[in-house]
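Comments concern the structure below.
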Amino acid sequence: MTKTASSVWANCLLFIKDNIKPQAYKTWFEPIKPIKILGDVLTIQVPSKFFFEWLEEHYIKLLRVALVKEIGENAKLVYDVRMENTYSNKTPHTVKFPSSNKKPFNSQGVTIPLDIDKRELKNPFIIPGIQKVKIESQLNPNYNFENFIEGDSNRLARSASMAVSNKPGGTSFNPLLIYGGVGLGKTHLAQAIGVRIKERYPEKTVLYISAEKFTQQYIDSVKGNTRNDFIHFYQMIDVLIVDDVQFLSGKSGTQDVFFHIFNHLHQNGKQVILTSDKAPVDMQDIEQRLLSRFKWGLSAELMAPDFETRISILKSKMFRDGVEIPEEIVEYIAKNIKTNVRELEGVLISLIAQASFNRKEFTLPLIKQIVDKFVKNTKKEVSIDYIQKVVSKYFEMDVTTLQSKTRKRHIVQARQLAMFFAKRMTKASLASIGSQIGSRDHATVLHACKTVDNLTETDKQFRKYVDELTKKLTF
Ligand code: ADP
Ligand code: MG
């Protein structure tokens, strides 16, 4: 029996359906149309370029397994992308994209962009007497300067990053520390430096690594008795990018080894780039000598982008994905998603997905629904119970201790903080707060709030408690 594109694809779908969530299946696989099969090559039609990229990025492995099962080892996949302009009536034309996956789709000359397995760091320790082995830089080419939008919120960090990539090791920005909140572009910028250096100085060894992975490698090297090899490996790097160094907090062994690697690189004019979610002054449980190294170069903060920048970021992503969205909708998103570029992108992706696959238009009600979902997910409902739990846990006591009648200072403080946050974050009255936190009266709560206010002003350690608890309670 000869196989038709429909029968092959129908079988693939059966397999795929079994392996992913129904919603994902509906969104990403139902809209696909099988077009033809010629030898081992199956052609499928997808609604947009964005759709094609999404499949390649997220479902390529699954597709591969399904196709190999149906067509055999040499299966190849080609996408027919309908280049349709949402807002004009031009007749759609199609553009073919071979799947970028070489094995077994095997289209020439296309490299694998984001295959996680392939990007795993090669174990450097199996190479005896390490020479200049080829080190995979672990960079993601999508994080580059071209698509990093400039704004007031990132100007300093961005231009310092550009300076570093023009003259790695040759500026006073060494190390360059990029810090700022979640989703504000630290990883993007740090990677962009690496990508640019690789373009300009192909002979330089660049390595991007998360502090978490670095720590894991270090632990493994201790277990495997290859600590020296580990250190040597890192000392060979010309440009070392360590992401999220706050992760080293409290890990003194890893800090120690990093200190030595850092000194070696720095003395030899090599460039070090670090990112962190805090400024050096606010980093905790990082050894003083390492902190002082972090401060040697430049610390540049990434702040939340202002409205104009948020609009530009959205527009640039739309442009790259080839979609057009009415101005008022773009503005609505930018107005409502303020503190995190990753969320901004998330809303856009959901919107595009919903609009093109459920054949909905880009409308304001649709976008409101999506934005609401995002905003809700990030804002937790805070109850007085929840506050007491978080505060007790933070001070490592249980809730009954927090509520008890004791006058022990640290317990009193914890209780006062719980009252203070209850006042600040809920609509409950002083009396109701008092009765829920260890049956106190309203005057006690009022006194607690004042005390916390005063201590926050005068006592640095106390201020830190308030800041950290605020973060825990709001995220
Ligand atoms: P962080 O490491 O600070 O948590 P990321 O670098 O992962 O944040 O950024 C989150 C997302 O936002 C990424 O997809 C990144 O490309 C995007 N992004 C952040 N800042 C910008 C910017 N200025 N221009 C374009 N995209 C940005
Ligand atoms: Mg990051």
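The values are calculated or read from the model by the stated rules, or taken from the named source; none is laboratory data. None of the values given here were measured: they were computed from a predicted structure. Note that we place each Cβ from the backbone using ideal geometry, even for glycine, and neighbour counts take in every protein chain shown. Accessible surface is based on the protein model in full, side chains and every heavy atom, while ligands, DNA and RNA are left aside. Shrake-Rupley method; radii C 1.70, N 1.55, O 1.52, S 1.80 Å.
Here is how the numbers come out for the structure above:
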| quantity | calculated |
| --- | --- |
| Filter result (surrounded by 23 or more Cβ atoms within 10 Å (Cβ to Cβ), in a loop (DSSP other than H, G, I, E, B) and either β-branched (Val, Ile, Thr) or within 15 Å of ligand 2 (Cβ to nearest atom) (or both)) within the range 157-197 | Leu184, Gly185 |
| Number of positions in the range 279-292 that are open to solvent by 20 Å² or more (accessible area, probe 1.4 Å) and within 23 Å of Ala163 (Cβ to Cβ) | 1 |
| Matching entry among Gly181, Gly170 (being within 19 Å of Gln246 (Cα to Cα) and modelled with pLDDT under 95) | Gly181 |
| Verdict on Lys251 being within 16 Å of ligand 2 (Cβ to nearest atom) and more than 19 Å from Gln138 (Cα to Cα) | no |
| Of all residues making up the range 136-146, the number that are away from ligand 2 (no atom under 16 Å from the Cβ) and open to solvent by 20 Å² or more (accessible area, probe 1.4 Å) | 4 |
| Qualifying helices (runs of 4 or more DSSP H) (wholly inside the range 378-448; at least 3 residues being under 16 Å from Lys471 (Cα atoms) and aliphatic (A, V, I, L, M)) | 384-394, 409-425 |
| Given (1) of a type in the set (A, V, I, L, M, F, W, C); (2) surrounded by 19 or more Cβ atoms within 10 Å (Cβ to Cβ); (3) more than 16 Å from ligand 1 (Cβ to nearest atom), index of the condition Phe259 fails | (2) |
| Qualifying position, being under 23 Å from the mean Cα position of the chain (by Cα) and open to solvent by 40 Å² or more (accessible area, probe 1.4 Å), among Lys61, Lys33, Lys26 | Lys61 |
| Test: residue in the range 293-309 that is open to solvent by less than 50 Å² (accessible area, probe 1.4 Å), within 16 Å of ligand 1 (Cβ to nearest atom) and part of a helix (DSSP H, G or I) | yes |
| Residue within the range 201-208 that is within 19 Å of Glu136 (Cβ to Cβ), part of a loop (DSSP other than H, G, I, E, B), more than 16 Å from ligand 1 (Cβ to nearest atom) and charged (D, E, K, R) present | yes |
| Checking Phe319 against (1) free of Cβ contacts under 8 Å to residues at least 40 places away in the same chain; (2) in contact with a helix residue (DSSP H, G or I) (Cβ under 6 Å, 6 or more places away or on another chain); (3) of a type in the set (Phe, Trp, Tyr), the condition it does not meet | (2) |
| Residue within the range 250-262 that is among the acidic types (Asp, Glu), in the same structural domain as Lys198 (by TED's automatic domain parsing) and under 26 Å from Lys167 (Cα atoms) present | no |
| Subset of the range 40-58 (residues that are open to solvent by less than 30 Å² (accessible area, probe 1.4 Å) and out of contact with any Lys or Arg (no Cβ under 8 Å at 6 or more places or on another chain)) | Phe50, Phe51, Phe52, Leu55, Glu56 |
| Test: Lys251 is in contact with a strand residue (DSSP E or B) (Cβ under 9 Å, 6 or more places away or on another chain), surrounded by fewer than 22 Cβ atoms within 10 Å (Cβ to Cβ) and either modelled with pLDDT of 95 or more or not polar (S, T, N, Q) (or both) | no |
| Residue in the range 215-225 that is among the hydroxyl-bearing types (Ser, Thr, Tyr), open to solvent by less than 70 Å² (accessible area, probe 1.4 Å), in a helix (DSSP H, G or I) and closer than 15 Å to Asp243 by Cα present | yes |
| Lone qualifier among Ser392, Ser383, Ser404 - being away from ligand 2 (no atom under 16 Å from the Cβ), at pLDDT below 90 and not basic (Lys, Arg) | Ser383 |
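Let's see how each residue does on (1) of a type outside the set (Val, Ile, Thr); (2) touching a helix residue (DSSP H, G or I) at 6+ places or on another chain (Cβ under 9 Å); (3) open to solvent by less than 20 Å² (accessible area, probe 1.4 Å); (4) free of Cβ contacts under 8 Å to residues at least 60 places away in the same chain:
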| position | (1), (2), (3), (4) |
| --- | --- |
| Glu396 | yes, no, no, yes |
| Gln413 | yes, yes, no, yes |
| Phe421 | yes, yes, yes, yes |
| Thr470 | no, yes, no, yes |
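This table checks each residue for (1) under 11 Å from Ile273 (Cβ atoms); (2) touching a residue at least 40 places away in the same chain (Cβ under 8 Å).
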{"residue": "Leu177", "(1), (2)": "yes, yes"}
{"residue": "Ile193", "(1), (2)": "yes, yes"}
{"residue": "Lys198", "(1), (2)": "no, yes"}
{"residue": "Tyr201", "(1), (2)": "no, no"}
{"residue": "Lys204", "(1), (2)": "no, no"}
{"residue": "Phe214", "(1), (2)": "no, yes"}
{"residue": "Gln217", "(1), (2)": "no, yes"}
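Every residue, every condition in (1) closer than 27 Å to Phe52 by Cα; (2) modelled with pLDDT of 80 or more; (3) out of contact with any strand residue (DSSP E or B) (no Cβ under 8 Å at 6 or more places or on another chain), yes or no:
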residue	(1), (2), (3)
Leu290	no, yes, yes
Leu302	no, yes, no
Leu314	yes, yes, yes
Gly322	yes, yes, no
Leu366	yes, yes, yes
